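Report on one structure; see the data block that follows.
The values are calculated or read from the model by the stated rules, or taken from the named source; none is laboratory data. The structure presented is a predicted model; accordingly, all values stated were derived computationally and were not measured. Cβ sites come from the backbone with ideal geometry, for glycine too, and all protein chains shown count toward neighbours. SASA here: full protein model, heavy atoms, side chains in, ligands and nucleic acids out. Shrake-Rupley method; radii C 1.70, N 1.55, O 1.52, S 1.80 Å.
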Amino acid sequence: MSGRTGIVLNVYTRPDCRRRGYAKQVMKALLADADKLGLSVVELQATDDGSPLFLSIGFSDDKSKYRRMKWLNQ
């Protein structure tokens with residue numbers, strides 16, 4: 001474990017190109033690069049629609065005692 005973390009901010013596929021494996025290919029390439037870079041973990045936040053893809057390539061739900069929070073400057 002290197003302690004190095006990667007974060008995937010966005011994965012988007014145009015609606016007319018979905019369900020063809022493009023996102024899966026991109027994510028597998030990204031994870032291969034993460035392995036070469038020695039990352040210990042890659043994190044992302046998935047929508048309900050996207051989570052089956054990520055689960056299928058080895059991501060798991062992160063059961064954490066921490067809550068995601070943000071502050072918006074109003």
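How big is the shadow of the Cα convex hull of the chain, averaged over all directions, in nm²? List each step's numbers first, then the result.
Values: hull surface 28.1 nm².
That works out to 7.0 nm², a quarter of the Cα hull's surface.
Rank-order 54-64, 19-29 by packing density, defined as the average count of other C-beta atoms within 10 Å over each peptide's residues, highest first. Before the final figure, lay out the partial values.
Working: 54-64: 10.9, 19-29: 12.9.
Put in order of decreasing packing, that is 19-29, 54-64.
In nm, give the distance between the simple-model label positions of residue 55 and residue 29, each being 7 Å from the Cα along the Cα-to-Cβ direction.
2.7 nm
How much of the accessible area of the chain, probe 1.4 Å, is carbon plus sulfur, in whole percent? Can you show the working numbers first?
On the way: 3450 of 6900 Å².
The value for the chain is 50 percent carbon and sulfur by accessible area.
Rolling a 1.4 Å sphere over the protein heavy atoms, what is the accessible area per residue of the chain, to the nearest Å²?
On the way: 6900 Å² over 74 residues.
Computed with neighbouring chains in place, this is 93 Å² per residue.
In a shell of Cβ-Cβ distance under 13 Å around residue 13, excluding residue 13 itself, what net charge do Lys and Arg (+1) and Asp and Glu (-1) give?
On the way: positive: 14, 18, 19, 20, 24; negative: 16, 49.
Summing Lys/Arg as +1 and Asp/Glu as -1 gives +3.
If you add up the charges near residue 30, with Lys and Arg at +1 and Asp and Glu at -1, over every other residue whose beta carbon is less than 15 angstrom from its beta carbon, what do you get? Intermediate values should be presented prior to the final figure.
Details: positive: 4, 24, 28, 36; negative: 33, 35, 43.
Summing Lys and Arg as +1 and Asp and Glu as -1 gives +1.
For residue 53, what is the net charge nearby, where nearby means another residue's Cβ is under 14 Å from its Cβ and Lys, Arg count +1, Asp, Glu -1? The partial results should precede the final answer.
Working: positive: 18, 19, 20, 24, 28; negative: 48, 49, 61.
That works out to +2.
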